[in-house]
Each structure stands twice: as C-alpha cells, then as structure tokens.
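In what follows, a single structure is set out as structure tokens and then discussed.
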Amino acid sequence: MPGFEFFGAEERKEVNDVLETGILMRYGFDGPRKGIWKAQELEKAITEVFGCQYAQLTSSGTAALTTAMAALGIGAGDEVIMPAFTFVASFEAVLSVGAVPVLVDIDETLTLNPAAVRAAITPRTKCIMPVHMCGSMADMDALQVICKEHKLILLEDACQSIGGTYKGKALGTIGDAGTFSFDFVKTITCAEGGVVMTNSEDVYIKSDGYTDHGHDHKGADRGADLHPFLGYNFRISELHAAVGLAQIRKLDTFLAIQRKHHQLLRSYLEQIPGISFRVVPDPAGDSCTFLSWFLPSEAQATAVVAGLKEAGILPGNFYWFANNWHYIRKWDHLKTSASLNRLSATQEEALVALQHTQFSASDAVMSRCISTAISLLWTEEQIREKGEKMVAVIRKVLEA
Ligand SMILES: *Cc1c(COP(=O)(O)O)cnc(C)c1O
C-alpha cells in the first residue's frame, strides 16, 4: 500500500527544486519561481496517468471529497448514500457541506451493495458515493445504472485505490467526480494531499476556485482576482506536490510489486479449504494494496486474530470489525452526533438514528474478514515465511 516505503533521491530532487527558489506556494510569484510549478506539473501527470480531463490538487483527501461535493452542488439536507465500511473522512466530508450521510450495507466486495443502495433511495437522495476500499472496487456498472435511473450524482471515494481500474478505466475517473488521498499511508504519498478528478469543466473550475477562497484565477494578478463564489483554503503546497511528482513516476513499479506479492501470499491461503476471498468485480483491476480474506465464522476470525498476535505476525493484518476508524460499529462519535459545531436538525436526527440501525448484513461480512496489507519491501522469502506462519495459525483454528 504505502509509497513511503520507496522514498528516496527522486523525492529529494523534486523537493530541492522548490527549496532552491523558496517559492513554496502554488500560485503567483511568477518571476522568482523560475519556471518551477510542481502542483501544476502533478495535476497534468494525474490527468495523463489516470486518463481524466481535469485534476485539482487539494491539501488532503478529506478536502478533496469536500471540494468535490461542493463543486457538484451537494449541500444542505441532501442525502449522500455511502457504505458502512469506509474511513471516517467519507462522512466527515458529507457533514461538512451540510449534507446527510446515509450509511448502507456492504457485501463481500467490501463496498456498497447495490441492492442496499436502491433500498435507501428517497426523494432527498442526491448522490451515491461508493468507496473503493482496500485497493479494490465497487460494482460500478450496477451503481451507474441506479444513478442514471434516479438522476443521481456518482462520486467515487477512490482514496484507497490509486492505480486500480474497472473495465479498463481508472477508479476515481468513472463517476461525475472522484478523489484520491495522498496522505502518508496511501499508495502514492505527498505527506498530505489529495486530488479531485473529473471530466466536467464546470466541476473542475468550481473545484479550482473552491480550494483557493473562491479565486477565479483568471488574471496574472492574484490581488485582482474576482470571487464568483465562496471558497476555503484547501490548497496543496509546492513542497507536498513535489513529493507527489516523484511518487507518481513510481506508481507502475509499486503496482507491479503489489500484484506480485499479493498473488504469492494468496497462493498460501488458497491451500486452506474454508478460507474464501473478497469478491472483486473486475479482478484485473485490483490494485492489490491488501489481500482481504474471510473465515467461515466470527468466532474463528477472532481466534485467528489472537493466533496471529501470538505468532508475532499480527501487524499488517487488519480486523476492521473491531477497529475504531473504518466500520460503523465503533463510530460512537458519529452515532451520538458529537460535533463541536452545531449540526442542522436534519443531520443530527439522521446520525442519532444510526444508534438503532442494524447493519447485520455488513456485520456478517466484516466480522469474518481480515485484510493483510501488502508491503512493497517484502522479499520473496519473507512472503513465504509469512504465508507458512499464517497457514499454520489458520489451520490450528479451523481444525480445533
Ligand atoms: C485516506 C482516506 C480518505 C481521506 O484522506 P486524507 O488525505 O487522510 O484526508 C478518504 N477516504 C478514504 C476511504 C481514505 O482511506
């Protein structure tokens, strides 16, 4: 998963270009910056690598989601359908634009269950936001059909699946807009950063202004820019963009290594009858940042987690069901609407209602699921050793 594992001379060179001029800001200072425009260069590279018309960098993936929602016109009272398994940033962004997160069940794809999405549609639904969790994708064909039928916006949270594809298209470029995160643990990193990708000029222009206080960026003089709408400061710095520029050039290498390591580790777990794997709608497009697998029962999953811990190989194996950041079960701050700023009555009601909402279909999937993070740095020998140890732990539990 993490690009930080391959941090080196290339990143230092790009950052040094910026340090030489001292112009750390992405806009203005045309003379002193001596032709160094790292953020612009990275945006261009993103459009080329992922095949979208426009890319707007932001200060984080969370800021990218917030920006995309604002640019898509999602706001007060609008319902955004999203999965119960995601990172907290997905609902933070929804709440920040005044909209209402509507959490629905996932299935064995570990992403939105299209039938659950259909069942959650109301006259207030404005957007469906699939989250391509752990490197692989949602069933985009099914979701696109639903969006078309109900005239809904499709926004992809592709923050965890940089480099993944669905039927040949890059994840994050299929919907009306999509986002990546470049935080420190993502497939490519800027330390902190994100991007909104879109093929709509309108969404792009709005994203560009929104991330910079509403500036229209039409003239050469920043002070004379007009402000056609309100915005915020979600700008990326030149230093961060410089790191990302070195990283994006390594993406193909990262993906090739991930796929190789993923396949080898999987070959060990495949030996065990009783272990099944995450359903991947387009297996060729899995970015392979994680290998996600299922035990037959919750009790066996918790026993395996304990066994992995005992064997000293728990780090890198994630049991999301008991994790505070990725699954509805532990999001008490969301369910009690523990917001520092007062939310709207509609938002508050929707959040508190989550205390009594059952996610039994998701529980049945997540309580049996373990995701193994794929490291770029493993040697083949280390993978074989890990695979053998995992197999031993799992067999012991399944044969008990
Ligand atoms: C990392 C992540 C984000 C947000 O990214 P930040 O850059 O950390 O703000 C959003 N959604 C998902 C699914 C993520 O994993």
Legend entry - Within-13-Å neighbourhood charge of F184 [Cβ basis; K, R +1; D, E -1]: -3
Inset, instruction - Compare the peptides 27-38, 319-330 by average per-residue count of other Cβ atoms within 10 angstrom and give them in order, highest first. - result: 319-330, 27-38
Legend entry - For T125, residues with placed amide H under 5 Å, excluding near neighbours: E79
Inset, instruction - Under 15 Å from a label point 7 Å along Cα→Cβ of K389: give me every residue in the range 301-336 with its amide N that close. - result: 305-318
Legend entry - Principal-axis tilt of helix 9-21 within the chain, Cα atoms, nearest 10 degrees: 20
Legend entry - Convex hull (Cα only) mean projected area of the chain, reported in nm² to one decimal: 20.0
Inset, instruction - May I ask for the net charge around G223, where only other residues with Cβ less than 15 Å from the Cβ of G223 are counted and Lys, Arg are +1 while Asp, Glu are -1? - result: -3
Inset, instruction - State whether the range 252-398 is rounded, prolate or oblate according to the following rule on the C-alpha gyration tensor (a ≥ b ≥ c being the square roots of its eigenvalues): a/c under 1.5 gives rounded; otherwise a/b larger than b/c gives prolate, and the remaining case gives oblate. - result: prolate
Legend entry - Between helix 380-398 and the chain: long-axis angle, C-alpha atoms, 0 to 90°, nearest 10: 50
Inset, instruction - Could you size up the charge dipole of the range 152-194 around its Cα centre, putting +1 on the beta carbon of Lys and Arg and -1 on that of Asp and Glu, and report it in debye to the nearest 20? - result: 220
Legend entry - Candidate residues S297, S287: accessible-area rank, largest first, probe 1.4 Å: S297, S287
Legend entry - Only Lys, Arg (+1) and Asp, Glu (-1) charged, at Cβ; the range 46-153 dipole about Cα centre in debye: 340
Inset, instruction - Can you tell me the dipole magnitude for the range 268-370 around its Cα centre, using point charges on the Cβ only (Lys, Arg +1; Asp, Glu -1), in Debye to the nearest 20? - result: 200
Legend entry - Radius 14 Å from Cβ of C52, net charge of other residues (Lys, Arg +1; Asp, Glu -1): -3
Inset, instruction - Quick one: what are the phi-derived ³J(HN,Hα) couplings along the range 186-193, Karplus 6.51/-1.76/1.60 with θ = phi - 60°, whole Hz, x for glycine and proline? - result: 8, 4, 10, 10, 10, 5, 9, x
Inset, instruction - Positive end of the charge dipole of the range 252-398 (Lys, Arg +1 and Asp, Glu -1 on Cβ, about the Cα centre): tell me which of Q300, I328, S344 has its Cα farthest that way. - result: Q300
Inset, instruction - Can you send over the solvent-accessible area of K396, 1.4 Å probe, protein chains only, in Å² to the nearest 10? - result: 150
Legend entry - Amide proton proximity set for I374, modelled H, under 5 Å, gap of 5+: F290, L291
Inset, instruction - Report in % the part of the accessible area of the chain that belongs to carbon and sulfur, leaving out ligands and nucleic acids; probe 1.4 Å. - result: 55
Legend entry - On Cα atoms only, tilt of 140-150 relative to the major axis of the chain in degrees: 60
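The values are calculated or read from the model by the stated rules, or taken from the named source; none is laboratory data. Owing to the predicted nature of the structure, the values given are computational and were not obtained by experimental measurement. Every residue, glycine as well, gets a Cβ built from its backbone with ideal geometry; the counts of neighbours run over all protein chains shown. These accessible areas exclude ligands, DNA and RNA; they are computed on the full protein's heavy atoms, side chains included. Shrake-Rupley method; radii C 1.70, N 1.55, O 1.52, S 1.80 Å.
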